[in-house]
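What follows is a set of notes on a single structure, which appears directly below.
Each value in this text was obtained by applying a stated rule to the coordinates, not by laboratory testing. Computed from a prediction, not measured in an experiment: that's the story for all the values here. Cβ coordinates were reconstructed from backbone atoms using ideal geometry, including for glycine residues, and neighbour counts include every protein chain displayed.
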Amino acid sequence: MTRLVLVLGDQLSDHLSALRAADPARDVVVMAEVAAEAGNVPHHPKKIAFLFAAMRKFATRLRQAGWQVEYTKLDDPDNSGSINGELLRHAAAIQAKGVIATQPGEWRLITSLNEMPIPVHIISDDRFIASADAFEAWAKDKKQLRMEYFYREMRRKTGLLMEGDKPAGGQWNYDHDNRKPAPDDVTFAGPLRFEPDDVVQEVLDLVAARFSNNFGALRPFWFATDSDQAHEQLEHWIAGGLSGFGDYQDAMLADKPFMYHSLISLYINAGLLDPLAVCRQVEEAWKAGRAPLNAVEGFIRQIIGWREYMRGIWYREGPDYTRRNALEHSGDLPAMYWGAPTDMRCIAQTVAQTRDHAYAHHIQRLMVTGNFALLAGIDPWQVHEWYLAVYADAYEWVEAPNVIGMSLFADGGIIASKPYVSSGNYIDRMSDYCGGCAYRVKDKTGPRACPFNLLYWHFLIRHRARFSSNPRMGQMYATWDRMAEDRRETVLREAADFLTRLQAGAQI
Ligand code: FAD
Ligand code: DLZ
Ligand code: SF4
């Protein structure tokens, strides 16, 4: 009896569990470009183009490997517009009795597949190193989940950077060697730029015609769109970028959007690169003396540590996670996130880069746009939808824990033990943004005071009842309490004025 095998846009892996569970001689793969996915949030045009092009090429690859593939293009006249609709249409056409699917990375899709009127067998996604059960076994008795300890488990499990049962070099974590301020020059030329071929060109024309109102520049388009190209990008970065990755992981420069970052999250998340194989390749570079341990450990921690940890939390916390709002923030997302003019150079730069490349690196996401949204009290749901839309690597399973948990503290502290907030000083130390800004980072009050300086205190005082007993935040409150009273009043008044203007839609 024929079954349908669903392959979603972020499941483009040869060894996908649904493909392994199916039989190419009998079963039929269904892949579909559908309005319900492409329009769920206003995805960046580059993200849509990347996924559609990669899906089309993966369908060809599957056919070459002997699979029968039913592929629906977005503009096919019979396109029903949704994943379930396409599965039902094909099930009726070939009298398929059921569907095999690898678990999607979004609760919305898991729920809708479970509501299908034909049997759907959902298999876990074993492209992750820690299964949901393994994560649960690690998490269940712990009062506070700490990524660092989970990461050590992952090191032991994978054997990455291990010398027997000891961490390579004697330490688990080399972060104290990282986090250097922005360098004067960046020696890495940035990611490879792939010339669009015929498949990509056709997709670009489709996306230009259908999604021209979405925020984001479609062209120039240079992302890799198959696994060979994604591997080329990985090798290119290992050769030129990996050595500087650790040192300058947190640094930001206005004209260097990519710094020493790998630009591979979109490829790993879509299935074009395997996370464990990537880590092994990076470990090899260290063994061959081509990269220092602080860079290699830092990078491997991001993947087998943070990435896996985020996936574990997302699944464990369940479908209502994206609706959490522990700090009861309700402000509207300012228009500057969608490119409206702003005098805040750090935000303008990060948003412009996001518009151009559907990319910003971790610190820009966390300490510029995330930090501002948290300090300014923006509704977490609106912030979540923005991040999900604008980044080429964004899917709920990874975006939501990073935004709702790590960046906005909206989960009440499951992921972060204290909110990631900072004044302008941090951005000034780690970037070259402040020099050319209309605001003055050294000004704590007054007409040109950096908004981060004002909002930082406003946030801490707004939430004093919640945070003052946090041992990691006592120092901040002690500093506030030492300030002269009239100064404290000025800070809070100017911050409140700023927030009023922000929410009234004024250019800030
Ligand atoms: P590099 O800096 O080169 O890092 C290497 C790899 O480590 C990345 O490719 C990624 O696979 C992994 N990684 C690093 N940090 C994280 C993390 N916190 N969570 C998961 N994986 C991580 N990452 C996404 O993949 N999708 C998202 O939607 C996403 N949203 C984010 C939102 C916020 C507010 C923050 C603070 C972080 C978010 N991240 C997200 C994590 C991180 O910013 C990106 O993974 C990284 O910037 C991707 O660029 P890169 O490939 O050049 O990464
Ligand atoms: C993000 C996305 C977009 C824009 N379009 C499609 C699509 O047309 N067809 C598809 O199968 N997948 C798409 N995706 C990826 C899905 O939204 C993704 O599988 C879920 O968010 C779960 O991670
Ligand atoms: Fe951003 Fe403040 Fe620096 Fe301007 S002065 S770039 S607003 S941190």
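What the table below lists for this structure:
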{"quantity": "Where labels lie 7 Å past Cα in the beta-carbon direction, separation of Arg355 and Ala21 in nm", "calculated": "4.4"}
{"quantity": "222 nm mean residue ellipticity, helices alone, for the chain (DSSP H n ≥ 4; -39,500 (n - 2.57); rounded to 500)", "calculated": "-12500 deg cm²/dmol"}
{"quantity": "For Gly331, distant residues with modelled amide H under 5 Å away", "calculated": "Ile378, Asp379"}
{"quantity": "GluC sites (Glu not before Pro) lying in DSSP loop within segment 273-341, provided at most 13 other Cβ fall within 10 Å", "calculated": "Glu328"}
{"quantity": "Residues with amide H under 5 Å from that of Ala449, placed H, sequence gap 5 or more", "calculated": "Arg440"}
{"quantity": "Label-point gap, in nm, between Gln171 and Ala209 - each point 7 angstrom along Cα→Cβ", "calculated": "5.7"}
{"quantity": "Hull-based mean projected area of segment 335-503, where the convex hull spans the alpha carbons, in square nanometres", "calculated": "9.6"}
{"quantity": "With Cα atoms, 0 to 90° folded angle of helix 380-390 axis to the chain main axis", "calculated": "60"}
{"quantity": "Rough spin-label spacing in nm, given labels placed 7 Å along Cα→Cβ, for Lys180 and Ala92", "calculated": "6.3"}
{"quantity": "Value of Rg to Rh for segment 4-123 (Rh from inverse mean 1/r over Cα pairs, i.e. Kirkwood)", "calculated": "0.92"}
{"quantity": "Helix axis angle, 451-462 relative to the chain longest principal axis, alpha carbon, degrees", "calculated": "90"}
{"quantity": "Over segment 268-313: Rg over Rh, Cα atoms, Kirkwood Rh", "calculated": "1.02"}
{"quantity": "Extreme residue, positive dipole direction of segment 335-503, given options Thr500, Ser423, Pro341 (C-beta unit charges)", "calculated": "Ser423"}
{"quantity": "P(r) histogram, all alpha-carbon pairs of segment 93-215 included - 5 Å bins from 0, percent", "calculated": "2, 7, 9, 8, 10, 12, 15, 13, 12, 8, 3, 1, 0"}
{"quantity": "Degrees between helix 275-287 axis and first principal axis of the chain (Cα, 0 to 90, nearest 10)", "calculated": "60"}
{"quantity": "Integer Hz, Karplus 6.51/-1.76/1.60 couplings in order for segment 339-353, x for Gly and Pro", "calculated": "x, 5, x, 9, 7, 7, 5, 5, 5, 4, 5, 5, 5, 5, 5"}
{"quantity": "Convex hull of segment 190-325 built on C-alpha atoms - directionally averaged projected area, nm²", "calculated": "10.8"}
{"quantity": "DSSP-defined beta bridges in the chain - what % are antiparallel, rounded to 5", "calculated": "15"}
{"quantity": "Cut-off 11 Å between beta-carbons: net charge of the residues surrounding Asp177, Lys and Arg +1, Asp and Glu -1", "calculated": "-1"}
{"quantity": "Cα-centred dipole magnitude for the chain, charges only on beta-carbon of K, R (+1) and D, E (-1), debye, nearest 20", "calculated": "1300"}
{"quantity": "For segment 207-273, average projected area of the Cα convex hull in nm²", "calculated": "5.9"}
{"quantity": "Value in Å of the Kirkwood radius, where the chain supplies the Cα pairs that are averaged", "calculated": "24.1"}
{"quantity": "Theoretical FRET efficiency, 1/(1+(r/R0)^6), r = Cβ-Cβ of Lys73 and Ala189, R0 41 Å, to 0.05", "calculated": "0.70"}
{"quantity": "Charge sum, other residues only, whose C-beta stays under 14 Å from Gly412's C-beta, Lys/Arg counted +1 and Asp/Glu -1", "calculated": "+1"}
{"quantity": "Sites Thr2 and Trp338 - FRET efficiency at Förster radius 56 Å, r taken between beta-carbons, to 0.05", "calculated": "0.75"}
{"quantity": "Largest-first principal axis extents of the Cα set of segment 411-478 (Å)", "calculated": "37, 23, 20"}
{"quantity": "Around Pro42: net Lys/Arg minus Asp/Glu count, Cβ-Cβ under 14 Å", "calculated": "+2"}
{"quantity": "Cα-based convex hull, segment 59-102, per residue volume (Å³, whole number)", "calculated": "99"}
